[in-house]
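K.L.:
Below you'll find the structure I mean.
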Amino acid sequence: MSEITPDLVRHLAGLARILVTDEEVEHFAQQLSVIAESVATVNKAIDADTPSTSHPIPMFNVFREDVVRPSLTQEQALSGAPDAADGRFKVNAILDEE
């Protein structure tokens, strides 16, 4: 793996249009080296038989059957509304629309 040099950090900063000081360049070079070494370590641990995964624990959605059950009538649902019209809740407009 190639070393993260100050020149490489300056180049990357230039591509990102980020102004960096010489102190920041040295600091970022050290940090990026640690990150690159960590990624290399993880890559060594992975072999061709390791499946790709987005989560370490298998996950799945639990769905229930959609069963129609008795519920409120339209009139019952609207009975507690401060205002209703045409079988719907009536509310004040929040946008300046005509």
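Computed from the coordinates by the stated procedures, all read-outs in this text should not be read as laboratory data. In this text, all values refer to a predicted model and were calculated from it rather than measured experimentally. Note that each Cβ is placed from the backbone with ideal geometry, even for glycine, and that neighbours are counted across all protein chains shown.
K.L.:
Can you find, among V25, P6, A40, the residue sitting farthest towards the positive end of the charge dipole of segment 6-45, where Lys and Arg contribute +1 and Asp and Glu -1 at Cβ?
P.N.:
A40
K.L.:
Within segment 3-41, list the residues whose amide N lies under 11 Å from a label point set 7 Å along Cα→Cβ of T50.
P.N.:
Under cut-off, by backbone N: 39-41.
K.L.:
Which distance in nm do the two modelled labels at S79 and E26 give, with both placed 7 Å along the Cα-to-Cβ direction?
P.N.:
In this crude spin-label approximation the distance works out to 7.8 nm.
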